[in-house]
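Read the structure below first, then the notes.
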Amino acid sequence: MDLRKRLGLRLHRALLYWGLLEHPRGRDYAKERYTPLGGESDSAKREAEFLNENGSTEE
């Protein structure tokens, strides 16, 4: 992924975290999922790895 896209996504996640943009699942979800600087939280990374290994939990 190129630098411009990575920075854009990180900025978007930071704006979601701080409540400046509305997240479809709510601000609590965004605060749980992202860090204040727009990174993904450790729990979100673990969940993504689990789903990649085991497939989606939705049927």
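The values are calculated or read from the model by the stated rules, or taken from the named source; none is laboratory data. It should be emphasised that the depicted structure is a prediction, and the values quoted were computed from it without experimental measurement. Positions of Cβ are backbone-derived with ideal geometry, glycine not excepted, and every protein chain shown enters the neighbour counts. Side chains included, ligands, DNA and RNA excluded: accessible areas come from the protein's heavy atoms. Shrake-Rupley method; radii C 1.70, N 1.55, O 1.52, S 1.80 Å.
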Residue by residue through the range 24-42, note down the ones that are open to solvent by less than 70 Å² (accessible area, probe 1.4 Å) and among the hydrophobic types (A, V, I, L, M, F, W, C).
-> ALA30
The lone condition ARG33 fails out of (1) of a type in the set (D, E, K, R); (2) in contact (Cβ under 8 Å) with a residue 24 or more places away in the chain; (3) touching a Ser or Thr at 6+ places or on another chain (Cβ under 7 Å) is (2)
Hey, any hits in the range 6-15 for a residue that's open to solvent by less than 80 Å² (accessible area, probe 1.4 Å), assigned to a helix (DSSP H, G or I) and at pLDDT below 90?
-> no
Among (1) of a type in the set (D, E, K, R); (2) modelled with pLDDT of 85 or more; (3) loosely packed, with under 13 Cβ neighbours inside 10 Å - the single one LYS45 does not satisfy | (2)
Kindly indicate whether any position in the range 38-59 is outside any helix (DSSP H, G or I), out of contact with any helix residue (DSSP H, G or I) (no Cβ under 6 Å at 6 or more places or on another chain) and among the hydrophobic types (A, V, I, L, M, F, W, C).
-> no
Among the candidates LEU3, LEU21, which residue alone is aliphatic (A, V, I, L, M) and either open to solvent by less than 100 Å² (accessible area, probe 1.4 Å) or modelled with pLDDT under 90 (or both)?
-> LEU21
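Filter the range 24-37 down to the residues that are among the aliphatic types (A, V, I, L, M) and either assigned to a loop (DSSP other than H, G, I, E, B) or on the phi > 0 side of the Ramachandran plot (or both) and list them by number.
The answer is LEU37, and nothing else.
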